[in-house]
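A.B. asks: Below you will find the structure I want to go over with you.
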Amino acid sequence: MARLRLPATPLLLLLLLGATAQANALLGSWHLVWLKTPGPDGMVRPVDCSGKLVFTREGTMAVQVMYANEGAGDEGGAVRYTVGGYEASYGRYAEAPATHTFTYHVDGALVRSLVGKDLPRSYELAGRRLIIRSTNPAEHWEVVWERDRDIQP
C-alpha cells in the first residue's frame with residue numbers, strides 16, 4: 001500500500017505547530033490574580049502577593065510569587081515553597097487535558113528540597129483565568145492566574 005508523503009513546507013509546519021498550540025490551553029504568560037493559603041488556624045485566606053507564571057511550547061514552565069510581607073508563606077505546610085516571602089521555580093510539565101491535570105517536574109527552585117520532585121496539579125480554565133490547585137490532599141491552597149493580554153499562545 002502506497003503511503004502519502006507530504007513535503008515539509010513552511011505552511012504545513014505552521015499548521016502542525018498551530019494545532020499543537022491549540023491543544024495546550026496552558027501555553028503563554030499569566031499574572032497572579034490571587035492566591036489563597038491556609039493560615040496558622042487552618043482557615044484558607046487570600047494572601048497579599050504578586051507573581052508570574054509561564055508555560056512554553058517546549059514543555060517548560062516557570063513560576064515566581066512575591067509576598068507583600070517578607071516572611072509570609074514561610075510558615076510551611078505539607079510542602080514548603082517559599083523563602084523570605086518569595087517563591088521561584090522552573091522545570092518541565094506534562095499536561096493531561098482529559099483530566100484537567102498536569103505534573104510539574106521541578107528542575108530548579110529557591111527551595112532546594114523541591115528540585116527533582118514531581119508536583120501534580122489540577123486546573124480549570126474560566127475565560128482568561130486559570131485556576132490551579134494541588135492534587136495532594138494534604139495541601140489546601142488555590143491560585144488564580146489571568147492570561148497576559150499582549151501574549152497569545
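The values are calculated or read from the model by the stated rules, or taken from the named source; none is laboratory data. Remember, predicted model here, so these are calculated numbers, not experimental data. Cβ atoms come from the backbone with ideal geometry, glycine included; neighbour counts cover every protein chain shown.
A.B. asks: Residues that are under 15 Å from residue 121 (Cβ atoms), at pLDDT 95 or above and in contact with a helix residue (DSSP H, G or I) (Cβ under 8 Å, 6 or more places away or on another chain): which strands (runs of 3 or more DSSP E) entirely in segment 1-105 hold 1 or more of them?
C.D. replies: Answer list for segment 1-105: 86-96.
A.B. asks: Could you run through segment 108-127 and say how many residues are under 19 Å from residue 56 (Cβ atoms) and surrounded by fewer than 15 Cβ atoms within 10 Å (Cβ to Cβ)?
C.D. replies: Residues that pass the stated criteria total 3.
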